[in-house]
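Chemist: Before I ask anything, let me first share the structure, which is written out below as structure tokens.
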Amino acid sequence: MKNILITGATSGIGRELALQLAEAGNKVGLMGRRTEMLESIQKEIGENAFIRTLDVTDLEKAETVYRDLIDEMGGMDMMILNAGVGVDKIMSPWKADKLTIEVNVLAFSHGLHFAFDFFRRQGHGHIVGMSSIASHLASYKAAVYTASKHFVSNYMTGFRQKAKRLPADITVTDIKPGFVKSEMTENVPRMFWVAETDKAVKQMIKGLDKKKNIVYITKRWMLVAWLARLIPQFVWDRL
Ligand SMILES: NC(=O)c1ccc[n+]([C@@H]2O[C@H](COP(=O)([O-])OP(=O)(O)OC[C@H]3O[C@@H](n4cnc5c(N)ncnc54)[C@H](OP(=O)(O)O)[C@@H]3O)[C@@H](O)[C@H]2O)c1
């Protein structure tokens, strides 16, 4: 049994991770802004679910909440930094970009620092970051989102290198989904290779069990990552 903290556990991938990881016998510490959804997941899982309402952009509160949950659960073995936002077309372009940076970049890096520091002191631990295939691309339609996921993956690579230079056993897993059914993708037009949430999460957990550095969801999206490296930028710019 592991103690696993998950940010963004109220819906989509995070919620499914909570359910499947709890089903496998782990204790899960779940966070998100929507309290009623956290309560409903806790009801579904039972005594192995611990919940805290949290907006991850409140960095000071986040640190207190992480520590509270760890205390209540009796430790932490894995932290899954899953909370993320896509582009909200109702917002002004700058508001949407700012929010994406606050959640996907600032709060993510803050959470990663917290987990890394905790596991360094503890001597072991597993950090999981929810990036995206978007981390390999740039897009005029989602400039801030693709850029934020570039940051997420690149940052994790740096911390994986850091971990190798420490006398601590810290794994850093970068999860790169293509399209997965969730609230975020509900109204996204022209999606392809869309994975069902439960199938996607099953594959993620397999990757985590193997302590992989990078997990593509589903595996076929690895092709897109390869193509992104092979195709020159001027070709992408015309697409
Ligand atoms: N679905 C896909 O196709 C896909 C593909 C690649 C990567 N991803 C990544 O997967 C992760 C999960 O997304 P999803 O697809 O499962 O979408 P989702 O259903 O919209 O879930 C997003 C989660 O993030 C939480 N969140 C957002 N802003 C937050 C904030 N300020 N504070 C705390 N929690 C916050 C939400 O909780 P509250 O609203 O309750 O706060 C929710 O639980 C994201 O990082 C996303 O970028 C998704």
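The values are calculated or read from the model by the stated rules, or taken from the named source; none is laboratory data. Just so we're clear, the structure is a prediction, and the values are computed from it rather than from any experiment. All Cβ positions, glycine included, derive from the backbone under ideal geometry; neighbour counts span all protein chains shown.
Chemist: Hey, any hits in the range 146-156 for a residue that's outside any helix (DSSP H, G or I) and aliphatic (A, V, I, L, M)?
Modeler: no
Chemist: OK, next. Within the range 1-24, track down each residue that is away from the ligand (no atom under 13 Å from the Cβ), more than 11 Å from Ala49 (Cα to Cα) and either in a helix (DSSP H, G or I) or free of Cβ contacts under 8 Å to residues at least 60 places away in the same chain (or both).
Modeler: Of everything in the range 1-24, those that are away from the ligand (no atom under 13 Å from the Cβ), more than 11 Å from Ala49 (Cα to Cα) and either in a helix (DSSP H, G or I) or free of Cβ contacts under 8 Å to residues at least 60 places away in the same chain (or both) turn out to be Met1, Gln20.
Chemist: Return the residues of the range 84-94 that are surrounded by 11 or more Cβ atoms within 10 Å (Cβ to Cβ) and part of a loop (DSSP other than H, G, I, E, B); say none if nothing qualifies.
Modeler: Gly84, Val85, Gly86, Val87, Asp88, Met91
Chemist: Continuing with this model, one more query. Is there a residue in the range 55-75 that is in contact (Cβ under 8 Å) with a residue 40 or more places away in the chain, part of a loop (DSSP other than H, G, I, E, B) and on the phi > 0 side of the Ramachandran plot?
Modeler: First, the residues of the range 55-75 that are in contact (Cβ under 8 Å) with a residue 40 or more places away in the chain: 56-57, 59, 62-63, 66, 69-70, 72-75.
Add one more test, that the residue is part of a loop (DSSP other than H, G, I, E, B), and what stays is 56-57, 74-75.
Then keep just the ones that are on the phi > 0 side of the Ramachandran plot; that gives 74-75.
Scanning the range 55-75 turns up at least one residue that is in contact (Cβ under 8 Å) with a residue 40 or more places away in the chain, part of a loop (DSSP other than H, G, I, E, B) and on the phi > 0 side of the Ramachandran plot.
Residue-wise test of (1) out of contact with any strand residue (DSSP E or B) (no Cβ under 7 Å at 6 or more places or on another chain); (2) farther than 24 Å from Phe151 by Cβ; (3) aliphatic (A, V, I, L, M).
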{"position": "Asp174", "(1), (2), (3)": "no, no, no"}
{"position": "Pro177", "(1), (2), (3)": "no, no, no"}
{"position": "Ser182", "(1), (2), (3)": "yes, no, no"}
{"position": "Met191", "(1), (2), (3)": "yes, no, yes"}
{"position": "Lys199", "(1), (2), (3)": "yes, yes, no"}
{"position": "Gly207", "(1), (2), (3)": "no, no, no"}
{"position": "Lys211", "(1), (2), (3)": "no, no, no"}
{"position": "Tyr216", "(1), (2), (3)": "no, no, no"}
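Chemist: So, one more: Please go through (1) of a type in the set (A, V, I, L, M); (2) touching a strand residue (DSSP E or B) at 6+ places or on another chain (Cβ under 6 Å); (3) in a helix (DSSP H, G or I) for Met37 and return the number of the only condition it doesn't satisfy.
Modeler: It fails just one condition, (2).
Chemist: Could I ask something else about it? Taking the range 33-48, which residues are on the phi > 0 side of the Ramachandran plot and within 12 Å of the ligand (Cβ to nearest atom)? Let's see the steps before the verdict.
Modeler: Step one: list which residues in the range 33-48 are on the phi > 0 side of the Ramachandran plot, which gives 46.
Of everything in the range 33-48, nothing turns out to be on the phi > 0 side of the Ramachandran plot and within 12 Å of the ligand (Cβ to nearest atom).
Chemist: Is it the case, given these coordinates, that Leu81 is within 9 Å of the ligand (Cβ to nearest atom), more than 23 Å from Lys181 (Cα to Cα), buried (at least 16 other Cβ atoms within 10 Å of the Cβ) and not charged (D, E, K, R)?
Modeler: Details: within 9 Å of the ligand (Cβ to nearest atom): yes; more than 23 Å from Lys181 (Cα to Cα): no; buried (at least 16 other Cβ atoms within 10 Å of the Cβ): yes; not charged (D, E, K, R): yes.
Taking the combined requirement at face value, the residue does not satisfy it.
Chemist: Please determine, by comparing only the residues of the range 215-230 that are exposed (fewer than 12 other Cβ atoms within 10 Å of the Cβ) and hydrophobic (A, V, I, L, M, F, W, C), which one is nearest to the chain's Cα centre (by Cα).
Modeler: Our first condition is that a residue be exposed (fewer than 12 other Cβ atoms within 10 Å of the Cβ); within the range 215-230, this holds for 219-220, 226, 229-230.
In the following step, the residues that additionally are hydrophobic (A, V, I, L, M, F, W, C) were identified as 226, 230.
Numbers: Trp226: 22, Leu230: 26 Å.
Within the range 215-230, the match that is nearest to the chain's Cα centre (by Cα) is Trp226.
Chemist: Of everything in the range 34-57, what is surrounded by 13 or more Cβ atoms within 10 Å (Cβ to Cβ) and either basic (Lys, Arg) or modelled with pLDDT under 95 (or both)? Give them in sequence order.
Modeler: Within the range 34-57, just Arg52 meets the criteria.
Chemist: What number of residues within the range 95-113 are more than 14 Å from the ligand (Cβ to nearest atom) and either within 15 Å of Val85 (Cβ to Cβ) or surrounded by 18 or more Cβ atoms within 10 Å (Cβ to Cβ) (or both)?
Modeler: Count: 1.
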